[in-house]
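Beneath this line is the structure, given in structure tokens, with notes to follow.
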Amino acid sequence: MTNYELLEKALENRSLRELETAIGVNHVQIQQSHSRKIGITPAMAAKLAELLGEDPIQAVMEAEEAKARKAGDRELFGRLKKKAALMAATSVLLVGVSAPQNQRILIDSPYHSAYQIKQYILC
């Protein structure tokens, strides 16, 4: 899910003011990001991802990739984003192998992201 999709999803059931309160970002910045006049900052991306139960590291890497001016920097953040996704998937697989039977129900569910499963297990 892209950061703009995260923002769209966050605004589906919330007003700008409610989202402002939920993530601590000024509603003007949210509106400008929503209309794509300005980009989504890494901090805003991370807050949106956490609010929606998505992986904030992926969101930050995407925001950094989008704001990078040099092609080499964009490629770097693109590679880091892929590595972070691979690490999250690997950790889910490792946890799935060692999880008690009652936790495997959660892990086997297609409705849970790697980030949600990791947060559940760390609690």
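Quick note: the coordinates plus some simple rules give every number you see, no bench work behind them. These numbers come from a predicted model, not from an experiment. Every residue, glycine among them, receives a Cβ derived from its backbone with ideal geometry; neighbour counts consider all protein chains shown.
Under the convention that each Lys and Arg Cβ holds +1 and each Asp and Glu Cβ holds -1, the size of the dipole of the range 1-70 around its Cα centre is about 380 debye.
For A43 and R69, FRET efficiency with R0 = 22 Å and r from the beta-carbon atoms, rounded to 0.05? About 0.70, to the nearest 0.05. The calculated FRET efficiency for the pair L80 and L51, based on their C-beta separation and a Förster distance of 30 Å, comes to about 0.85. Considering all different alpha carbon pairs of the range 1-70, the Kirkwood hydrodynamic radius works out to 11.8 Å.
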